[in-house]
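What follows is a single structure, written as structure tokens, with notes after it.
The values are calculated or read from the model by the stated rules, or taken from the named source; none is laboratory data. Owing to the predicted nature of the structure, the values given are computational and were not obtained by experimental measurement. Counting neighbours? That spans all protein chains shown, and the Cβs are built from the backbone with ideal geometry, glycine included.
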Amino acid sequence: QVQLVESGGGLVQPGGSLRLSCAASGFSLRVYDMRWYRQAPGKERELVAGISTTGGSTNYADSVKGRFTMSRDNAKNTVSLQMNSLKPEDTAVYYCNGVALLQFGVRFEYWGQGTQVTVSS
């Protein structure tokens, strides 16, 4: 079955840390640019972080710069999001996303089912 599966969400106190993981099955992540998005209740989905196919380039939303770190392990077919110094405003459902742009304009995109992150005392 072709899918992305997130894990690692949960409840954490402000200032705490969580590490989200996203594992691919049924396909290889090697040719996919990967991203983490999040969606808080009543808000639009927003891009949190992205990483290139080789992991050589990353980018982050201003709201998480310096606190979140995205990485990937193509050999293990996984990507991760290390989240430190968490704030209540980081509370959201976090989604893993992968996009591949292949020859002849062929585009593949996959989404995970999401994992809940709640930051609260």
(request) Please work out which residue is farthest from Phe108 (Cα to Cα), limiting yourself to the range 5-15 and to residues that are of a type outside the set (A, V, I, L, M) and part of a strand (DSSP E or B). (result) Gly10
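I need the full set of residues from the range 63-104 which are hydrophobic (A, V, I, L, M, F, W, C), over 13 Å from the mean Cα position of the chain (by Cα) and under 27 Å from Gly26 (Cβ atoms), in order please.
Matches in the range 63-104: Ala75, Ala100, Leu101, Leu102, Phe104.
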(request) Output the residues belonging to the range 71-114 that are modelled with pLDDT under 95 and of a type in the set (Lys, Arg). (result) Arg107
